Amino acid sequence: MADHRLPLPDDFRCPISLEVMSDPVILSSGHTFDRSSIQRWLDSGHRTCPLTKLPLPDPLPLIPNHALRSLISSFSPPPTPSPPLSSPTYPSPSPSPSKLDSLSQLNRLAKRDPSSRRRLIESGAVSHTLALLDNPRESDASPVLVRKALTLILNLSLDDDNKVGLVAEGVIPRLSSVLAWDSGWVDCRFSDCRAIAATVITSLAVVEVNKAVIGEDESVIGSLVGLVREGCGRERKEGLTALCTLCSTYEGNRRRAVREGAVAAALTAVKEVPGLARGVELLGMLGKCREGRVEMVKVRGCVGMLVKVVVNRGFGRNSSGYAANRGKELEYGLMGLYWVCYESERVREEVRREGLEEECLRLVDEENANDKVSRNAKNLLKVLRGEFAKGGRI
């Protein structure tokens with residue numbers, strides 16, 4: 001019978017004894033050692049870190065590395081190879097309960113506070129968790145295991161200080177792989193894994209420098225657009241949120257999203273789920289680049305949908321969740337119309353015929369209109385009246 005146990009990473013071995021640590025502790029230098037080995041080092045009169053050779057404080061606290069200890073306990077040492085057997089072994093389709101329990105424990109720690117999340121990252125939890133996301137389709141990985149691994153990465157990304165480090169650890173290619181799962185293969189067992197992966201992208205993209213790094217991945221934006229176009233309810237919502245975050249300030253991501261078909265995908269999402277403000281928001285953002293404006297003019301039904309959003313035709317006021325989204329839909333519906341009218345005289349004439357000048361005047365005069373809605377209505381009104389010089393910007 002094949003042994004499916006995973007090889008222990010070198011990080012699990014004490015730098016002094018080179019044995020797997022049973023009681024890992026952290027020194028003030030930031031390095032981890034097995035308690036018995038570092039205690040022998042100290043008892044022999046040494047007052048420096050074995051690795052850095054820097055002086056240690058006296059008295060010296062030995063801080064238990066609970067996260068690393070939990071990770072070690074969830075792995076089994078590699079089997080001793082038998083010479084007659086040369087065929088490779090593969091990860092077990094059903095992970096051991098101890099591995100699932102370990103991920104559950106790590107998730108509880110990650111939810112606790114920023115210092116717990118920092119200790120988890122310093123312990124090497126990220127690299128070992130990412131390894132669980134490698135080729136889940138080929139290895140027939142447990143959906144529970146994949147879900148817990150993705151949730152741990154999401155929890156670790158809660159703090160801004162961790163977001164850049166997670167991207168540097170190689171999180172994006174793994175998330176990209178999950179997002180690219182074929183809809184025909186993703187069944188109910190994995191139904192929320194792509195949604196969680198998109199949520200992690202949103203969390204990481206809050207940091208500006210990560211927006212460009214994520215966008216440079218060959219498939220992330222394309223996979224998110226596919227999620228919006230073909231995904232189920234939660235997948236579609238999280239895909240739109242991730243795209244809005246990536247495209248909020250970075251021009252290169254807007255152009256890339258347009259090339260991947262984001263305009264048509266967002267239009268489909270809004271039509272199929274009335275009141276889905278994120279779809280309208282994405283269109284408003286994509287209009288900020290010329291490629292997006294040209295595509296919005298070209299895609300059939302896009303201008304008409306934006307008009308309906310603004311004048312509230314075709315979207316029932318009593319739809320579930322609609323009232324709460326009305327302000328956002330108005331804000332970005334007006335922004336989208338501004339950009340397409342800015343781009344095309346034909347569209348300006350079409351929008352005028354729909355009575356948008358009167359609608360903009362009403363929104364500007366409304367006492368309860370929020371500032372962004374009022375500002376966007378004023379800008380659209382100027383374009384429709386020919387008062388806004390080409391080159392103006394919202």
Across segment 370-388, what is the number of residues that are surrounded by 21 or more Cβ atoms within 10 Å (Cβ to Cβ) and free of Cβ contacts under 8 Å to residues at least 40 places away in the same chain? 1
Criterion violated by SER248 - all others in (1) over 16 Å from LEU130 (Cα atoms); (2) open to solvent by less than 20 Å² (accessible area, probe 1.4 Å); (3) polar (S, T, N, Q) satisfied: (2)
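Given the criterion at pLDDT 85 or above, among the hydroxyl-bearing types (Ser, Thr, Tyr) and closer than 22 Å to ILE121 by Cβ, identify the matching residue among THR32, THR52, THR48.
THR32
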Only one of LEU106, LEU133 is crowded, with 21+ Cβ neighbours inside 10 Å, closer than 18 Å to VAL171 by Cβ and at pLDDT below 85, namely LEU133
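Restricting attention to helices (runs of 4 or more DSSP H) lying wholly within segment 209-272, give those where 1 or more residues are at pLDDT below 95 and closer than 20 Å to PRO173 by Cα.
Those helices (runs of 4 or more DSSP H) span 220-230, 233-247, 251-259.
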State yes or no: is GLY304 open to solvent by 10 Å² or more (accessible area, probe 1.4 Å), without any contact (Cβ under 8 Å) to a residue 12 or more places away in the chain and part of a helix (DSSP H, G or I)? yes
Subset of segment 339-369 (residues that are at pLDDT below 85, loosely packed, with under 14 Cβ neighbours inside 10 Å and not in a helix (DSSP H, G or I)): GLU366, GLU367, ASN368
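The values are calculated or read from the model by the stated rules, or taken from the named source; none is laboratory data. As the structure is a prediction and not an experimental result, all values here were calculated from the model. All Cβ positions, glycine included, derive from the backbone under ideal geometry; neighbour counts span all protein chains shown. Surface areas here come from the heavy atoms of the whole protein model, side chains and all, with no ligands, DNA or RNA. Shrake-Rupley method; radii C 1.70, N 1.55, O 1.52, S 1.80 Å.
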